[in-house]
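Working notes for the structure below.
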Amino acid sequence: MKRSLPFLVVLVASYAYGNPPPDQQPVRGIVPGVEPGVSGRLRNELSTRPPGEMLKVWVYLADKGYAPGVGYDVALAAAEDRLSPRTRRRLSTRSDRLAWWEDIPVHAPYLERIEALGGRILQVSRWLNAASVSIPAGDIDGLAGEPFVLSIDAVASLRHPRPVSPQRTGRPETDARLRAVQSTRLDYGPSFIQLDQLHVPDLHDLGLSGSGVLVALFDTGFSLDHAAFDSLRTRVEARRNFLRDETGFTDLEDTGHGTAVLGTIGGYAPGELIGPAFGARYLLASTEVVAFEREVEEDFWVAAMEWADSLGADVISSSLGYLDWYTYADMDGETTVITRAAATAVRRGIVVVNSMGNEGDSPYEKMAAPADAEGVISVGAVDAAGNRWVSSSIGPTFDGRIKPDVMAMGEGVYTVHPFSIDDYTRANGTSFSAPLVAGVAALLLEAYPHWTPEKVQRVLRRTAGQAAAPDTLSGYGIVHALNALMTESRGVVRSFTAAGGPSGVFLAWTAGLEINLLSYRIERRDYPDGSFELLASVSVTGSGDNPQGSNFYDYTDTAAQPGTSYEYRLQPVARAGLALTAEPVVVRIDYESGASDGPVAVLYPNAPNPFASGTRIRFELSEPVHVTLTIYDLLGRKIRVLVDETHGPGRYARTWNGMDGDGRTVPSGVYLYRMTAGDVEAGGKMLLLR
């Protein structure tokens, strides 16, 4: 966790008079945490500064240049049109509207006027309706008198930060406290203890990895050279160095801290390190300086948040905090710039996870912003045994709310050595407990994409280790990812097929994610005019015997009549009392396979298809016959013989694991399978994707 220390900044921000609804409409003079005119802090600072000295400032503007009515509505509609498809999907799923007041750009003529009055625009924020500005001290009162300016505020200058994440180079010696017995499908190596403490391997065993979830990390720089990032590099959707963009300096990016944080959440090196969200996609934003005594501003963090939002981020994890230019009285959830920005992100459907800070053994003890924000999941640190780490910051917030929210391991966390390509190290700090919890949030959103940030926070609190007796030292306790996952149910059907056979219509489906499911309801109707009626209920096996975490099911509709068209609907059924996230799937068939005087052999489509590590090929026989089932490549070369023997009447299934007859792994590509059963020949095509 980085602690940003005093540095002088003034903020320029503006608010729209026409922003509906009224409770979200900032009005001059009543914006939380904003003093109208020149703030008291800045007034005190100006008394010690010569008029010609350049100060960096934020200025809060009074509106966005639109009066209520048609003009504002048009601007809001245009803002909605600019939303990226991914951002639009997130807002439609987790928010009650798409475009908000903060999506409207800052009014350009106001920025031009600021520059005409002697200011130089450094950073513009839509969310704050703000621009950080460099301006002579003597010009600030004149700028504050402009009718479009709501407030100008001051922040202090940066001192060299206290080290917060000491790291030991090289491969650490084994610590007896960190030994644990693994019984999972993945080899976590020394990282097992930090994940097992949160019950993350249980979610991995279900097939969750963060796939489909976009995680943004705000930190120092990031290096992707380490071997643990071999599979992650292609999943980094975008990177941006806000320090270089906004200051012009090229020597500000320190990659140590950010790289270690990235390894904690997303590294993947079986036998050494596996992060909780090793399958997620990532946005990497460099917003902070560690090694140099340079100017560092909250507006970098705010700008990064707007950038991540525009690209559709689902989770933002930040191991940064701002403290020394604020007081404890400012930790009230609405005063600091960074806290207000974090609260905006939460309202827009982004799960924000932030380190509490490492001030627990200092006279101050408390959190740094934005960990004080109501909707931010603020994370403290424990050791491998579950005891609170002595340096982990404590609550409550100034207005009396419990913080931290939850705890995770932050002492001796195993991660990549940031200045090596294959070494690992242990690190201390809430900087590393936060990405562990952010990884859990990504797993939960993969399972339940509709969960809002408020729901994620509420469930993590309610299922954590001391939920019954939360306190201001450890909040609601250590995260229990499995208990959080089990508060609802989810079913994912990857494929559902219907094929006519000698005994009726053969239905087969491949189930992916199965959480708290009781059964699958099969309904049938005559197509196209009939109504669906219950045909059967198939219990969930929960066997998980497939290496991909899939379960295979089948059912034969023996009552089907030849010459009839049917539509079958498959619906996962949750355990009693649990909300279900699942969509029914439908398949249609013109059933023509009736009784036959001769032998019948039917080859059914393989499932799953495409596949990564294994697929099943099913066939059915009406009488004893010699069967061969062979795999070929597209050039007709024989890859493997799966069946070469006589079988009696019945249904059969064989699994191909993507290996040839000599046990060698074959490459990704299209493969053919062919069955010969007496005089019957049939074949199919499948796609192997590794």
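Whether any residue in region 631-650 is within 24 Å of residue 498 (Cβ to Cβ) and among the charged types (D, E, K, R) is what I want to check.
Looking through region 631-650, none of the residues is within 24 Å of residue 498 (Cβ to Cβ) and among the charged types (D, E, K, R).
Residue by residue, here is whether (1) β-branched (Val, Ile, Thr); (2) in contact with a strand residue (DSSP E or B) (Cβ under 9 Å, 6 or more places away or on another chain) holds:
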| position | (1), (2) |
| --- | --- |
| 397 | yes, yes |
| 402 | yes, yes |
| 417 | no, yes |
| 421 | yes, no |
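Among the residues of region 670-680, count how many are assigned to a strand (DSSP E or B) and farther than 15 Å from residue 606 by Cβ.
Final tally of qualifying residues: 3.
Output the number of the condition that residue 491 fails; it satisfies all remaining conditions of (1) small (Gly, Ala, Ser); (2) touching a helix residue (DSSP H, G or I) at 6+ places or on another chain (Cβ under 7 Å); (3) surrounded by 19 or more Cβ atoms within 10 Å (Cβ to Cβ).
Going through the list (1) small (Gly, Ala, Ser); (2) touching a helix residue (DSSP H, G or I) at 6+ places or on another chain (Cβ under 7 Å); (3) surrounded by 19 or more Cβ atoms within 10 Å (Cβ to Cβ), residue 491 breaks only (2).
Among the numbered conditions (1) closer than 22 Å to residue 301 by Cβ; (2) crowded, with 22+ Cβ neighbours inside 10 Å, tell me where residue 374 comes up short.
(2)
Among the candidates 323, 283, 311, single out the residue that is modelled with pLDDT of 85 or more and open to solvent by less than 10 Å² (accessible area, probe 1.4 Å). Let's see the steps before the verdict.
Details: 323 fails: modelled with pLDDT of 85 or more; 311 fails: open to solvent by less than 10 Å² (accessible area, probe 1.4 Å).
Matching residue, one of 323, 283, 311: 283.
Does residue 69 satisfy the condition of being surrounded by fewer than 17 Cβ atoms within 10 Å (Cβ to Cβ), at positive phi and in contact (Cβ under 8 Å) with a residue 24 or more places away in the chain?
So residue 69 fits the description; yes.
Quick check on my filter: what residues within region 610-651 are of a type in the set (Phe, Trp, Tyr) and open to solvent by 30 Å² or more (accessible area, probe 1.4 Å)?
Keep residues of region 610-651 that are of a type in the set (Phe, Trp, Tyr), which gives 611, 619, 632.
Matches in region 610-651: 632 only.
Here is a yes/no grid of residues against (1) part of a loop (DSSP other than H, G, I, E, B); (2) free of Cβ contacts under 8 Å to residues at least 40 places away in the same chain:
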| site | (1), (2) |
| --- | --- |
| 609 | yes, no |
| 616 | no, no |
| 632 | no, no |
| 640 | no, yes |
| 652 | no, yes |
| 655 | no, no |
| 661 | yes, yes |
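What are the residues in region 467-495 that are touching a strand residue (DSSP E or B) at 6+ places or on another chain (Cβ under 7 Å), in a loop (DSSP other than H, G, I, E, B) and of a type in the set (Val, Ile, Thr), if any?
Within region 467-495, 472, 479 meet the criteria.
Can you pull out the residues in region 663-676 that are over 13 Å from residue 631 (Cβ atoms) and in contact (Cβ under 8 Å) with a residue 40 or more places away in the chain?
676
Within region 90-108, work out how many residues are in a helix (DSSP H, G or I), modelled with pLDDT of 90 or more and open to solvent by 30 Å² or more (accessible area, probe 1.4 Å).
Final tally of qualifying residues: 1.
Residue by residue through region 43-66, note down the ones that are of a type in the set (Phe, Trp, Tyr) and either touching a Gly at 6+ places or on another chain (Cβ under 9 Å) or open to solvent by 40 Å² or more (accessible area, probe 1.4 Å) (or both).
The answer is 66, and nothing else.
Considering (1) in contact with a strand residue (DSSP E or B) (Cβ under 6 Å, 6 or more places away or on another chain); (2) without any contact (Cβ under 8 Å) to a residue 40 or more places away in the chain; (3) not charged (D, E, K, R), say which one residue 191 fails and leave the rest.
(2)
From the list 128, 83, 111, which residue is assigned to a helix (DSSP H, G or I) and either surrounded by 18 or more Cβ atoms within 10 Å (Cβ to Cβ) or modelled with pLDDT under 85 (or both)?
Only one candidate passes the filter, namely 111.
Checking the structure you have, find out if any residue of region 406-413 is touching a Phe, Trp or Tyr at 6+ places or on another chain (Cβ under 9 Å), open to solvent by 20 Å² or more (accessible area, probe 1.4 Å) and more than 20 Å from residue 333 (Cα to Cα).
yes
What helices (runs of 4 or more DSSP H), lying completely within region 134-238, carry at least 1 residues that are modelled with pLDDT of 95 or more and under 29 Å from the mean Cα position of the chain (by Cα)?
Numbers: elements: 140-144, 192-196, 200-205.
In region 134-238, 192-196, 200-205 are the helices (runs of 4 or more DSSP H) which contain 1 or more residues that are modelled with pLDDT of 95 or more and under 29 Å from the mean Cα position of the chain (by Cα).
On the phi < 0 side of the Ramachandran plot, touching a helix residue (DSSP H, G or I) at 6+ places or on another chain (Cβ under 7 Å) and of a type in the set (Asp, Glu) - does that describe any residue in region 87-99?
There is no residue in region 87-99 that is on the phi < 0 side of the Ramachandran plot, touching a helix residue (DSSP H, G or I) at 6+ places or on another chain (Cβ under 7 Å) and of a type in the set (Asp, Glu).
If a residue has to be more than 21 Å from residue 341 (Cβ to Cβ) and at pLDDT below 85 to count, how many in region 30-43 make the cut?
First, the residues of region 30-43 that are more than 21 Å from residue 341 (Cβ to Cβ): 37-38, 40, 43.
Checking the rest, the ones that are also at pLDDT below 85 come to 40.
Summing the residues that are more than 21 Å from residue 341 (Cβ to Cβ) and at pLDDT below 85 in region 30-43 gives 1.
If a residue has to be of a type outside the set (A, V, I, L, M) and free of Cβ contacts under 8 Å to residues at least 60 places away in the same chain to count, how many in region 432-474 make the cut?
Selection size over region 432-474: 6.
Against the condition at pLDDT 95 or above, in a helix (DSSP H, G or I) and more than 16 Å from residue 199 (Cβ to Cβ), how does residue 454 come out, does it pass? Quick ask: steps written out before the conclusion?
Working: at pLDDT 95 or above: yes; in a helix (DSSP H, G or I): yes; more than 16 Å from residue 199 (Cβ to Cβ): yes.
So residue 454 passes the test.
When only residues in region 243-278 that are surrounded by fewer than 23 Cβ atoms within 10 Å (Cβ to Cβ) and part of a helix (DSSP H, G or I) count, which is modelled with the lowest pLDDT?
Per the criteria, the residue is 247.
Among the residues of region 582-595, are any within 30 Å of residue 451 (Cβ to Cβ), open to solvent by 30 Å² or more (accessible area, probe 1.4 Å), assigned to a strand (DSSP E or B) and out of contact with any Ser or Thr (no Cβ under 6 Å at 6 or more places or on another chain)?
Among the residues of region 582-595, at least one is within 30 Å of residue 451 (Cβ to Cβ), open to solvent by 30 Å² or more (accessible area, probe 1.4 Å), assigned to a strand (DSSP E or B) and out of contact with any Ser or Thr (no Cβ under 6 Å at 6 or more places or on another chain), which makes the answer yes.
Hey, among the residues in region 496-533 that are assigned to a loop (DSSP other than H, G, I, E, B) and open to solvent by less than 50 Å² (accessible area, probe 1.4 Å), which one's farthest from residue 600 (Cα to Cα)?
So the residue we want is 516.
To keep it simple, each residue is scored yes or no on (1) under 24 Å from residue 278 (Cβ atoms); (2) assigned to a loop (DSSP other than H, G, I, E, B).
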residue	(1), (2)
374	no, yes
384	yes, yes
415	yes, no
426	yes, no
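Assess whether residue 558 counts as being open to solvent by 30 Å² or more (accessible area, probe 1.4 Å) and within 30 Å of residue 276 (Cβ to Cβ).
Against the criterion (open to solvent by 30 Å² or more (accessible area, probe 1.4 Å) and within 30 Å of residue 276 (Cβ to Cβ)), residue 558 does not qualify.
The values are calculated or read from the model by the stated rules, or taken from the named source; none is laboratory data. As the structure is a prediction and not an experimental result, all values here were calculated from the model. No Cβ is skipped: glycine too gets one built from the backbone with ideal geometry, and neighbour counts run over all protein chains shown. With ligands, DNA and RNA removed, areas are computed over all heavy atoms of the protein, side chains included. Shrake-Rupley method; radii C 1.70, N 1.55, O 1.52, S 1.80 Å.
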